[in-house]
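**Q** Supplied in structure tokens, the structure appears directly below.
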Amino acid sequence: MVAINIKIKLLNENAILPEKQHDSDAGYDLFSIEEVVLKPNEINKVKTGIALQIPTNYGGLVLPRSGLSSKHGISLINTPGLIDSGYRGELLIPLINHSINEYKVDRHERIAQLILIESPQVNIELTSDLDESDRESKGFGSTG
């Protein structure tokens, strides 16, 4: 596998670079730079203090952390979140509290994870016919 380079700019002295906990992990942990109290059913854009330069033909997917969601009901409102390669602003994590209890996000807490995906250039071709398939137009729940 070929490694790709991502430039990261620290926007705050409390910012932490994304990091993996284990070499075999797919996701890089993202950290909060602030303390935030999330009330039940509340959404808050939590600051990371970093800006990214994702290479052309790649995108960044921001995903919830399984421990936060399964233990505390904290997730991302738009999971997965997509970071386009042209975005250069601060990475904000839109957390939502699905539980009935308040949750305090601590400074430097791991709040989400980032993975990169290749995003090839696509040529859109208008057609009046699509190739046949085994599934055809069977939708939600049709394979289970």
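**Q** Residues of segment 70-104 being open to solvent by 30 Å² or more (accessible area, probe 1.4 Å) and assigned to a strand (DSSP E or B), which ones?
**A** Matches in segment 70-104: 82, 90, 92, 103, 104.
**Q** Right, something else. Residues in segment 109-116: is at least one at pLDDT 95 or above and either open to solvent by 90 Å² or more (accessible area, probe 1.4 Å) or in contact with a Ser or Thr (Cβ under 6 Å, 6 or more places away or on another chain) (or both)?
**A** Checked segment 109-116: at least one residue is at pLDDT 95 or above and either open to solvent by 90 Å² or more (accessible area, probe 1.4 Å) or in contact with a Ser or Thr (Cβ under 6 Å, 6 or more places away or on another chain) (or both).
**Q** OK, next. Output the residues belonging to segment 105-136 that are within 29 Å of residue 67 (Cα to Cα), in a loop (DSSP other than H, G, I, E, B) and of a type in the set (D, E, K, R). Give the steps one after another, and end with the answer.
**A** Residues of segment 105-136 that are within 29 Å of residue 67 (Cα to Cα), as a first pass: 105-119.
Retained after the next criterion (residues that are in a loop (DSSP other than H, G, I, E, B)): 106-109, 119.
If the condition is that a residue be within 29 Å of residue 67 (Cα to Cα), in a loop (DSSP other than H, G, I, E, B) and of a type in the set (D, E, K, R), then 106, 107, 109 are the ones that fit.
**Q** Can you tell me which residue is surrounded by the most Cβ atoms within 10 Å (Cβ to Cβ) among those in segment 6-43 that are within 18 Å of the chain's Cα centre (by Cα) and among the polar types (S, T, N, Q)?
**A** Here the answer is 32.
**Q** Within segment 47-105, how many residues turn out to be closer than 16 Å to residue 8 by Cβ, within 15 Å of the chain's Cα centre (by Cα) and basic (Lys, Arg)?
**A** Residues in segment 47-105 being closer than 16 Å to residue 8 by Cβ, within 15 Å of the chain's Cα centre (by Cα) and basic (Lys, Arg): 1 in total.
**Q** Still on this structure, please answer the following. Residues in segment 1-34 that are under 12 Å from residue 110 (Cα atoms), in a loop (DSSP other than H, G, I, E, B) and touching a residue at least 12 places away in the same chain (Cβ under 8 Å): how many?
**A** Qualifying residue count for the region: 8.
The values are calculated or read from the model by the stated rules, or taken from the named source; none is laboratory data. None of the values given here were measured: they were computed from a predicted structure. For neighbour counting, all protein chains shown are included, and Cβ atoms are generated from backbone atoms with ideal geometry for every residue, glycine included. Note: accessible area is taken over every heavy atom of the protein model, side chains too, but ligands, DNA and RNA are not part of it. Shrake-Rupley method; radii C 1.70, N 1.55, O 1.52, S 1.80 Å.
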